[in-house]
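Here's the structure we're looking at; comments come further down.
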Amino acid sequence: MWILGHRGASKAAPENTLAAFSLAFAQHAHGIELDTYQVDGQIVVIHDRWLNRTTNGTGLVTCQTLPYLMSLDAGNGERIPLLQDVFSLLPHTALFNIEIKHLHCTDSWIATVQQGIRQSGFPVENIIISSFNHRWLRSIQQAWSGVKIGALTATYPQSGLGFAEDLSAYSLHMALDVVDENYVRKAKQAGLKVLVYTVDHPQDMVMLADWGVDGIFTNVPDIAVNTLG
């Protein structure tokens, strides 16, 4: 089972920072998940719309300038990273899930990600693009042939797997609170990888492994590694 650091090893280090991502790999995670906003032609790594919870800044992320965002403390002296910064520390064997929280220009977003791939040499086949906004995913998929799409949901859709099939998704990313064994089995029969978030308790990890889930997003990669081997 893949173990992906959810916002890095975010239980032990400030979430969505280079320290959290580096720690996740030091704890032998197979990959990481992070959250992104498009600001001033760049892609910044942060989860919340508002800066107040995770930084010493204030206001909406999308209403700030890039220099202001780069000046903030994101915890323990860490800075809000650019996506390009994260590419520079990724092992080339890692799985890299980029979740989109804000997108205003598909073409420039793709160009920025592809620049990171070229500069780092990171394999594009190890990247999964996910979002709760499936229109953005469709737009990216149409403009970037072959990129892997993660169909992200916090609900158990009435349409079953229809939303993932409509996206020609590589993987289904589903909330722990709503996933069940039957849905996992149907997704895998449909050829989808199944990843579940956010999984921090060993009993849940073992249960999901028994169900055949392909991967988990966890704040505690060290506990997951010790639990799942």
**OP:** Starting from the range 75-93, take each residue that is within 13 Å of ILE127 (Cα to Cα) and list its partners that are in a loop (DSSP other than H, G, I, E, B) and at pLDDT 95 or above, counting only C-beta distances under 7 angstrom and pairs at least six apart or across chains.
**Re:** PHE87/PHE122; LEU90/PHE122; HIS92/GLY121; HIS92/PHE122; HIS92/PRO123
**OP:** Mind telling me which of the residues ASP73, ASP85, ASP107 ends up being surrounded by 14 or more Cβ atoms within 10 Å (Cβ to Cβ), assigned to a helix (DSSP H, G or I) and either of a type in the set (D, E, K, R) or touching a Lys or Arg at 6+ places or on another chain (Cβ under 9 Å) (or both)?
**Re:** ASP85
**OP:** Within the range 91-119, track down each residue that is touching a strand residue (DSSP E or B) at 6+ places or on another chain (Cβ under 6 Å) and either farther than 23 Å from ASP48 by Cβ or of a type in the set (S, T, N, Q) (or both).
**Re:** ALA94, LEU95, ASN97, THR112
Original post:
Looking at ALA209, ALA224, which is the one that is of a type in the set (Gly, Ala, Ser), more than 20 Å from ALA20 (Cβ to Cβ) and part of a helix (DSSP H, G or I)?
Top reply: ALA209
Subject >> Number of the condition not met by VAL194 [criteria: (1) without any contact (Cβ under 8 Å) to a residue 24 or more places away in the chain; (2) assigned to a loop (DSSP other than H, G, I, E, B)] >> reply: (2)
Original post:
Is it true that TYR170 is closer than 27 Å to ASN219 by Cβ, among the hydroxyl-bearing types (Ser, Thr, Tyr) and at pLDDT below 95?
Top reply: no
Original post:
Does SER10 satisfy the criteria of being within 25 Å of VAL206 (Cβ to Cβ), among the polar types (S, T, N, Q) and touching a residue at least 24 places away in the same chain (Cβ under 8 Å)?
Top reply: yes
**OP:** Please go through the range 28-39 and pick out each residue that is surrounded by 14 or more Cβ atoms within 10 Å (Cβ to Cβ) and farther than 15 Å from GLU99 by Cβ.
**Re:** ALA29, HIS30, VAL39
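The values are calculated or read from the model by the stated rules, or taken from the named source; none is laboratory data. Please read these numbers as outputs of a predicted model, since none were measured by experiment. Every residue, glycine among them, receives a Cβ derived from its backbone with ideal geometry; neighbour counts consider all protein chains shown.
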